Amino acid sequence: MPIPDDFPKGLKPIGRIALEDGEHFHFIWGPGRKAEAAENKEVIEAYKARGEKLEPIGVSGTMVAVDWDSCVSDGACIEACPVQVFQWYRTEKDVPAVKAKDQIFAGTGSSEKEHRADFTDKADPIREHDCIWCMACVSVCPPQAIKVDQSNLEAHEKAAGTFTKMETGSANPHAHH
């Protein structure tokens, strides 16, 4: 059950993860669903050990979208990314994933594959804006939880209220009709 090809269709923003620079942020898209994470032995045991409920979370990011319900905390994406788009979010703020959707991060979490807090941790595209569209993360993710699609910028901008449609028609904005 990889991330849907037509993401973010059918989902809506249910929160946002922001960088404390006041400029960069990405949406969490929901509703979440039960997927690979809920069937993964290591993930199930890690949630039990923390006494946390393994519940649907959603998709973190838009142009670089990580389906946190499919993410099994493998870390291959973190290792493969040449520009450190991802961080283990729990290595910066140790809150349950369902609470991460309204947090502001400094981006100081670990970008080392083996540094995950545990298997409840998720790779978050905290520096989505730095993505160079190389697709390395997409090709290495075992549960195919990542979709990188520059054209999803429109969905991000519409959700953020910053989308402006390119005007077509008159080249002269001052022309009188």
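Computed from the coordinates by the stated procedures, all read-outs in this text should not be read as laboratory data. Computed from a predicted model, the values in this text were never measured in an experiment. Using ideal geometry, Cβ is built from the backbone for each residue, glycine included, and neighbour counts are taken over all protein chains shown.
In summary, the lysines within cross-link reach of K53, defined as a Cα separation below 29 angstrom excluding same-chain residues under 8 places away, comprise K9, K12, K34, K41, K93, K99, K101, K113, K122, K147.
Of the residues I146, H26, A100, the one whose Cα sits farthest toward the positive end of the charge dipole of the stretch 12-157, with +1 on the Cβ of Lys and Arg and -1 on the Cβ of Asp and Glu, is A100. Taking 0.36 nm per residue of sequence separation and removing the Cα-Cα distance, the V95/D130 pair yields an extension gain of 10.1 nm. Reported value for the stretch 42-138: 88 Å³ per residue, from the convex hull of its C-alpha atoms. Highest mean packing first, where packing is the average number of other Cβ atoms within 10 Å per residue, the peptides 65-78, 144-157 line up as 65-78, 144-157.
A simple spin-label model places pseudo-atoms 7 Å from Cα toward Cβ; at K34 and Q84 they are separated by 3.9 nm. Taken over the chain, the ratio of Cα radius of gyration to 2.2 N^0.38 Å equals 1.10.
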